[in-house]
Structures are given as C-alpha cells and as structure tokens.
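Have a look at the structure below, then the notes.
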Amino acid sequence: MAVCADVGSTYTKVAVVDLAAGVLAGAAAAPTTVGTDVLHGLDAAVAAATAGLGIADVPWYVCSSAGGGLRLAVVGYEPLVTAQAGRRVGLSAGAHVVHVAAGRLGAADLTALRAARCDVVLLVGGTDGGDTDTITHNATRLARARWRTPVVYAGNADVRAQVTGLLRDAGVPVTDADNVLPRIGVLAPASARAAIRTVFLRHVIGGKRLSRGSRFARLVRAATPDAVLTGVEVLADTLGGDLAVVDVGGATTDVYSVLTPDERASGPGREVAGVLWRARTVEGDLGMRWSAPGVVRAAVEERLLSAAEADDLAAAAARRAADPALLADDDEERAVDRRIATLAATVALRRHARGAATGERAGRDLRDVRLLVGSGGVLRHAPAQVSGEVLTAVLADHAGGWALPRAAAAVVDADYVLAAGGLLAEEHPVAARALLRHHLGTY
C-alpha cells in the first residue's frame, strides 16, 4: 500500500493505492489548513482515507500547490526563441510563470522581476555555441543586485561553469541544468524540469511556511501540476496515442496534452523555439470561483455567449468570485456551475490548440487525440451524465478555430488518480500504469 496526497490550495485529496493490484483501496479529502499548519488537514485526510484498512507504516507520496504553488520567472535572450522556450519548460515543470524578461536586464527590468515575487528564476539564453554575452550580462546583474531567489541556469553550455560560478560567488542559490534550447528548433526540457523540481523541494516548500516543522517539506516530492503531467505522460505511454486533459479549478484551468512527435516539425517550417510534445498550459483568468468573471469575459470574446445570457451569468460569476467557498446546493446554482465549467474548458482547449497559451506559431495539433480526460472538483463531484455533457461540448466545439479530435473518448478523473499515478511513476512504475489504466483506460 501507499498513500498519495495532493495538498491543494483549498482541499487536500488523498488516495490509498494497493501497489500489488494497481487499484485504489481508499480515498478521502479534507480542507487544506493553510491558516494553521497544512499537516493538520493532511493528517486528517490520510486518517479518513485509511480508516478501516488496517494499515500502518506505509510510504507517503505528497505533492503540493498550497500557498500559491511554484511561481517562476524566466529571463531569456530574446522573446520569440529562448524566453519562449524557457516559458514552455517552466509550465511543463508545474510552475505558474509569473514573469518573462528578454534581452539584457536593466534597472527597470530588475525592478519588474522583483515585483513579480517569483520563487525561482529560470535563466536561459543562447544555443550551445551561440550568444554568450546576454546571459553573462544578466547573471552579472543578478549577482550585483544581491539576488537571493534561487536561480536555475539552463542556457548556453559553453559558459555554464563561468555563470554558475559567478552567481555562487555572489551568494545566489543556483542550480545548473542542460540548455533548454541546445539548437534552434530543438527543445530539451527534461534536465531543467528536474532542476526546477529540485529547487522547489529544497527552497520553495519550506520557504512558504506552510508548516511549523520540517516534516511537510520532507514529505513533498513535487509541485502538483508537475505530478499531474507525469501522470498524464504515464497514461499516454500506457494506452498509446495522443491524449489531452482539461483540469477546471477554482482559480485556473490547466490543459495538458501529450502528442506523438511529428518528423515534419524538424523541417524548414519548424518552430525555432522547439516543440514541447508533452505540454501544459495555465489559463489564469478561467476558474470556477476566484476567476469566474474571467470565464464570462472570455466566453463573450469567443462569441460563446449571447448578450442576455452574459449579463445573467456575469452576476452569478461575481458572486462566486466574492465568495470562493460558495457551494452550489440547489439545481439553479449547479446549472450555473455546469455552464461556467463548460465555458472554461472550451475556451482553455481553444487557446491550447491554437497555440495562444503555449506560444507555438502553428498551435498544437489535437486531431489524433484518442482520449480527453476531465478533472477538477466541478467535474469529479457531478453526476457522470453531467460531467460527460461538459466534455462532449468541448469535443463538439466546431466554431473554435481548431481542428477537433477525429475520434476521442471522454472520461472524468473521478477518483483523482492522475496525480497519484505521477507520484508513483518513478518508484512504482508498474503500479502507476496499472492504476491509470484501471481507472481511466476506457478504450
């Protein structure tokens, strides 16, 4: 047995996994106790999930997005290539990219970087053997500014030792990784993603003061979106073929997609910043509670709402933003939640496919997606028919300006196994694959 837990901003979700059978043995959720100590909510959720199972001393695998998750800033060589590549890699590492700077940092740029209140800076720039002046200049500015926020260096390999040495000598916490863009059109995220994860665990979790002792920091293994993307990757590899996930949350709507690499992407028309075949995007203006008004505004811009419906829905969305704890406890309020969820998922998939959220010139080709997975409390807690209608609407979005999947099944991660599968993937790969196949393998 193993305990897998996601300490979210609002709720802590726990899944107890039978590692031998690759199935859930128990599950529970409890409010995340950010106001006191997150261990209070975590321990309560674990106690509820394991009640009656007669287990003790089982390993815990924990991910967290509490306290705002992982806030990352990208500093790159120029906006359309290395800075964009860094942004994509940051998203794939489970970060909320709060700031992107490009070119030689000046005083105003440093001020803006500080104002972003990031947890980690991803310093990129120059292909291997290419420009070294810009990234060296930017590292020098950070060093002279007495920068103390952790830095991940993932730029030109030719000056890696020089730049990281410069930063360390100035007292800047720095972790080095392979270049995210070693050659034009080649995006290599794995090393930087691992480095960001290491920095998140070493510096960020403890620094957020979510718990009084060190136990919580020792338990956490990944940022929640990083664990979920790993779960999505395992599911895609297990089932075979392309898939997509749309996760409708209270503040954001995240979209993940795993695509089969296309050899044409390396041809003359290739993306100079490279293509991330396993990608995540975050829509910070689309959510069920804090960002509900943004859903209405975006839906109007996308011509998904009539003027009359927009007025009524805007009032309901404002109530949700003012009271994020609001529970839809009657048919009318549940219908409003369902409508907001449908619009948020539809707009998020449109942006993801068009490439507006990923910065990809040609967008992301989802035509071969075989499975669309829905996630988020609004879908998990709804009757299967209702959540199915939300995903069906997304797959029937013919006016969205993106090529719909030719033939896709839809399923809801009702048991919240994507994060659990991602957490187990490294140490228990067989159990992770079996768990995801059992609960989400619909074809």
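The values are calculated or read from the model by the stated rules, or taken from the named source; none is laboratory data. All values derive from a computational prediction rather than experimental measurement. Don't worry about glycine lacking a Cβ; one is built from the backbone with ideal geometry, like all the others, and counts go over all protein chains shown. Keep in mind that these areas ignore ligands, DNA and RNA; they rest on the heavy atoms of the full protein, side chains included. Shrake-Rupley method; radii C 1.70, N 1.55, O 1.52, S 1.80 Å.
Applying 0.36 nm per residue to the separation of Ala407 and Glu426 and subtracting their alpha-carbon distance, the gain on full extension is 3.7 nm. Based on Cα atoms of segment 87-126, Rg over Rh with Rh as the Kirkwood radius reads 0.96. A probe of 1.4 angstrom, applied to the heavy atoms of all protein chains, finds Lys13 with accessible area near 40 square angstrom. Beta bridges per DSSP, both residues in the chain: antiparallel share near 45 percent.
Amide H contacts under 5 Å for Ala410: Leu372, restricted to partners 5 or more places along the chain or on a different chain, H placed in the peptide plane at 1.01 Å from N.
Here the Karplus relation 6.51 cos²θ - 1.76 cosθ + 1.60, evaluated at θ = phi - 60°, turns the backbone of segment 79-86 into coupling constants of x, 8, 10, 5, 5, 5, 4, x Hz, with x for every Gly and Pro.
For Ala115 and Ala399, the FRET efficiency from 1/(1 + (r/R0)^6), where r spans their Cβ atoms and R0 equals 30 Å, is about 0.20. For Ala27, nonlocal amide neighbours, meaning residues 5 or more places apart or on other chains whose placed amide H falls under 5 Å from its own, are Val16. Of the residues Asp330, Asp119, Asp169, the one with the largest accessible area comes first in the ranking Asp169, Asp330, Asp119, computed with a 1.4 Å probe on protein heavy atoms. Once the C-beta distance of Ser306 and Asp368 is scaled by a Förster radius of 51 Å, the resulting FRET efficiency is 0.90 to the nearest 0.05.
Remark: segment 138-143, residue by residue, has Karplus-estimated 3J(HN,Hα) of 5, 5, 5, 5, 5, 5 Hz, where x stands for each Gly or Pro and the curve is 6.51 cos²θ - 1.76 cosθ + 1.60 at θ = phi - 60°. Computed over protein heavy atoms with a 1.4 angstrom probe, the accessible surface ordering of Glu309, Glu426, Glu301, largest first, is Glu426, Glu301, Glu309.
Most tightly packed first, judged by the mean number of other beta-carbon atoms within 10 Å of their residues, the peptides 16-25, 148-157 read 148-157, 16-25. Maximal additional length on extending the Leu80-Arg218 stretch stands at 45.9 nm, based on 0.36 nm per residue less the C-alpha distance.
Here's the picture: charge each Lys and Arg Cβ at +1 and each Asp and Glu Cβ at -1 in the chain, and of Val347, Ala170, Thr111 the one pushed furthest to the positive end of that dipole is Ala170. Legend: residues Tyr256, Tyr416, sorted from most to least accessible area (1.4 Å probe; ligands, DNA and RNA excluded), read Tyr416, Tyr256. Given axes a ≥ b ≥ c from the Cα gyration tensor, I'd like to know whether segment 92-200 is rounded (a/c under 1.5), prolate (a/b larger than b/c) or oblate. It is rounded, given that a/c, with a ≥ b ≥ c, falls under 1.5.
In order along segment 32-38, the phi-based Karplus estimate (6.51 cos²θ - 1.76 cosθ + 1.60, θ = phi - 60°) of 3J(HN,Hα) comes to 6, 9, 5, x, 10, 8, 4 Hz; Gly and Pro are listed as x. The stretch between Ala48 and Ala21 holds 7.6 nm of extra length on full extension. This uses 0.36 nm per residue minus the Cα-Cα distance.
Highest average first, the peptides 284-296, 376-388 ordered by how many other beta carbon atoms sit within 10 Å of their residues are 284-296, 376-388.
The magnitude of the dipole of the chain, with charges of +1 and -1 set on the Cβ of Lys/Arg and Asp/Glu and taken from the Cα centre, is near 1220 debye.
Only Lys, Arg, Asp and Glu carry charge here, each on its Cβ (+1 for the first two, -1 for the last two); on that basis segment 1-99 has a dipole of about 360 debye about its Cα centre.
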